[in-house]
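One structure below.
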Amino acid sequence: GSLQIWWISFQWRRIEDWTYFSYVTFMVLPSMIYVLSYLVLPADLHLDGATLVREFIARRRPFYALLGLVPLASYLQQWMLVGDVPLHDVDTLLRLFWLVAAVPGFVSPRVAVQATVAVASLAHMLLYISLLFVQLH
């Protein structure tokens, strides 16, 4: 996640007129990813698998609430930095996936649901990164 955000952020290098608010908006996404990482990883990384699962299930609601805000933060960032947000393109649909994926993860404490969301998220991330690289070439 962090590497992807840094890569996408590279496109903002040509913006010449930065304000304090555009910089704060720019930093929202990396900050959100940092907090998401904190919520996923427990303080003690030497826990067994079952305890790690219980730790995540206990933190899943703030994790998925924040994950659902990621697309909204990315739209806010784009709007603040370039003044528009495309609404009818593949990138918009792919970003909205995080909002949709957050709902079942937020609602259900079942391990099977969490595993399904995790696998779908990994597949989505790989697809998203692949499409970004295709657009760059």
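The values are calculated or read from the model by the stated rules, or taken from the named source; none is laboratory data. Because the structure is a prediction, the values reported are computed rather than measured. Glycine gets a Cβ as well: all are built from the backbone with ideal geometry, and neighbour counts include every protein chain shown.
What are the pairs with Cβ atoms under 7 angstrom where one residue, in the range 118-137, is farther than 15 Å from residue 101 by Cα and at pLDDT below 85 and the other, located anywhere, is assigned to a helix (DSSP H, G or I) and of a type in the set (S, T, N, Q)? Sequence gap at least six, or different chains.
So the pair list comes out as 129/4.
Mind listing just one residue for me: the one in the range 21-48 that is surrounded by fewer than 16 Cβ atoms within 10 Å (Cβ to Cβ) and either aromatic (Phe, Trp, Tyr) or under 16 Å from residue 118 (Cβ atoms) (or both) and, of those, farthest from the chain's Cα centre (by Cα)?
21
Starting from residues that are of a type in the set (Gly, Ala, Ser) and touching a residue at least 12 places away in the same chain (Cβ under 8 Å), keep the ones in the range 49-81 and report whichever is surrounded by the fewest Cβ atoms within 10 Å (Cβ to Cβ).
Only one residue fits best here, namely 65.
Identify the single condition in (1) touching a residue at least 12 places away in the same chain (Cβ under 8 Å); (2) among the aromatic types (Phe, Trp, Tyr); (3) over 22 Å from residue 121 (Cβ atoms) that residue 20 does not satisfy, given that it satisfies every other one.
The one condition residue 20 does not meet is (1).
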